[in-house]
Amino acid sequence: MNKKVAVALALVTGLIAISVPISISLFLAWKQSFNEQMATVASLAQDVLRRSEESTDQTFIIFKALASAHSADPCSAENIRLMGKLDLASEQVQAVGYVRDNRLLCSSYGHHDTPIGPPTYVTRYGTAIRTSVEFPVLPGERFLVSTDVASGYTVAIHPSLPLNVFVGESHLSIGVVSDYTRSVILHRGVFEPEWIELAGGRADARFSDGGSLVTVKHSPKYGFSAYAAVSTASVNAGLRRFALVLVPIGVLAGIVLAWAVVYLARQQLALPAVLKVALKRNEFFLEYQPVVDLSTGRWVGAEALIRWRRPNGELIRPDVFIAVAEEINLIQRVTERVMAIIADDVQDLLAHHPGFHIAINLSAADLQSEQTLVCLDTLRGRISAGPGNLIVEVTERVFMKAEAVRSVLDEIRGRGIEIAIDDFGTGYSSLSYLESVKLDYLKIDKCFVETLEKEAATSQVVPHIIEMAKSLNLKMVAEGVETEVQAQYLRQRGVQFAQGWLFARPMPFAEFVRTLRKAEEESSASAA
């Protein structure tokens, strides 16, 4: 990727990093406002339903009490006194009376002969409902009047009482709707008949019709439903309120993310140049991870692993800088540096441990260059390496160019240097590739070894890899062994060698030599 493209991508990613948190903040602000307003209308609808059911409960209690009195004359003085007592005992009832032939003949206020008109509808409970009745004694006031059809006893309720809930905003609407006529019985504010259709008979329906947020709650006891609605303009008002809190947080998060993107982009753009300087300044060093004979526990070799520490002490991960080195064609210089460090470190090791081996990782580019053979020859001479003292490890990606690398691989083996295929099973190789190139070792990747104690699907891969290696007469090294259970599993199935934290972590060469010497002394003491 060239620098201009990388800069453009960094800028685009930075803009996205800023805009996404802000967009999320706006969405969360809208969602919070929406939920708040919906909770408000749900609470109001529930309150209206409760008060409406209480009014209806009181109405039926009055009907029952008057019927139980068995008065021969519903408008007798004694019965009117009873109406007055029942009226006073019921907080939502305005008057109790007696109706016959659509005329109020008497009430808790005395005798009358007042026409009140025909009922609006009759419920399944045998109650005649008149939704808007005006009494001469209270001109301008209209009442909800319920009459027991069988007895004629009647209760009048002021329509504002069931709706006497706190409503602090003009754009809030509340009311009660008849399930029989689908028409409004009591209401404050607007009412849209389509709300009942949208509720669909549900006991608790909550929805938006585009202009309002609506809750409709059906009474399980009586034939009506309560509703509450608020204009969606209130959501926008709430959005502004929540946005004042959430959007600054989103902006701050966006700025932090954008800074991180730009910082990482600059790091990535600067890395090739820094890598070149690091090679000149010898900032690279090696750690050595032992390879263990599973049957005896002895250290038989080590893999040389390159590390990079910046002058400020920062460690750059190998998977980061190796990929960059390959991309900018510096990987061969890195490999040369590895061999030079090994030559300095291992000068006397093989003289005391002639059967020991050092494994070196080579890239696809290394295997297409004759210079690699020159470097290996120099290394062999400096450490007095014999057959088997050096192993080169190549990944499966190399076999994508099998024809291009075969000649160099053959030259390497001709020098007594053994070849191992690394990370087997994670890349591109096939049995035909393995058969076409002469190999000595097959390394079982850590990702398969770590599944041996689990019920993962890949736990069955290791036995197949082992059988394949045996069929090709390859020695095996298991990577990433961390538990004795894994080691025992591999040992029982014929895997000869292993490396991993169960045995030792990668370490500087001086520590490696001390640990190796100590292990050999302990082994000699136990044998004696």
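Rg and Dmax of region 45-191, based on Cα coordinates, read 15.2, 51 Å. Sorted largest first by accessible area at a 1.4 angstrom probe radius, with every protein chain in place, the residues K446, K475, K64 fall in the order K64, K446, K475. In this view, the solvent-accessible surface of R100, computed with a 1.4 Å probe and all protein chains in place, comes to about 130 Å². Here r is the Cβ-Cβ distance between Q368 and D348 and R0 is 35 Å; the resulting FRET efficiency, rounded to 0.05, is 0.60. Remark on R103: its backbone amide H falls under 5 Å from those of I116, a criterion applied only to residues 5 or more positions apart or on other chains, H modelled at 1.01 Å from N. Here is the tail figure for region 317-392: Cα pairs spaced more than 20 Å apart come to 33 percent of all pairs.
For region 79-142, dividing the convex hull volume of the Cα atoms by the residue count gives 103 Å³ per residue.
Taking the accessible area of region 310-364, probe 1.4 Å, and keeping the other protein chains in place, the carbon and sulfur fraction comes to 48%. Using R0 = 22 Å, the C-beta based FRET efficiency linking S295 and E467 works out to 0.70. The modelled label-to-label distance between A340 and A67, using points 7 Å beyond Cα along the C-beta direction, is 10.8 nm. For the pair E411 and R206, the difference between a 0.36 nm per residue extended length and the Cα-Cα distance amounts to 66.0 nm. Multiplying the residue separation of E520 and R103 by 0.36 nm and removing their Cα-Cα distance gives an extension gain of 138.4 nm.
Please go through the residue pairs K438/K475; K454/K518; K475/K518 and name each one whose alpha carbons sit more than 24 Å apart in this structure. Cα-Cα > 24 Å for K454/K518; K475/K518; rest within.
Largest first, the residues F284, F503 sort by 1.4 Å accessible area into F503, F284.
Take the Cα of S132, step 7 Å toward its Cβ, do the same at L305, and the gap between the two points is 8.6 nm.
In this simple spin-label approximation, V149 and D319 carry label points 7 Å from Cα along the Cα→Cβ vector, and these lie 8.0 nm apart. Fully extending the segment from S384 to E326, taken as 0.36 nm per residue of separation minus the present Cα-Cα distance, adds 17.9 nm. What is region 353-402 by shape, rounded, prolate or oblate, if you read a ≥ b ≥ c off the alpha carbon gyration tensor as root eigenvalues and call it rounded for a/c under 1.5, prolate for a/b larger than b/c, and oblate otherwise? It comes out oblate by the Cα gyration axes. Counting heavy atoms of the protein chains alone, T395 has an accessible area of about 40 Å² for a 1.4 Å probe. Solvent exposure of R50, expressed as accessible area, is near 100 Å², computed with a probe of 1.4 Å over the protein chains only. With r as the distance between the Cβ atoms of E482 and R50 and R0 = 41 Å, compute the FRET efficiency 1/(1 + (r/R0)^6) and round to 0.05. Working from the Cβ atoms, E equals 0.05.
The values are calculated or read from the model by the stated rules, or taken from the named source; none is laboratory data. The model shown is predicted, which means the values in this text are computed figures rather than measured ones. FYI the Cβ positions are ideal-geometry reconstructions off the backbone, even for glycines, and counts take in every protein chain you see. Note: accessible area is taken over every heavy atom of the protein model, side chains too, but ligands, DNA and RNA are not part of it. Shrake-Rupley method; radii C 1.70, N 1.55, O 1.52, S 1.80 Å.
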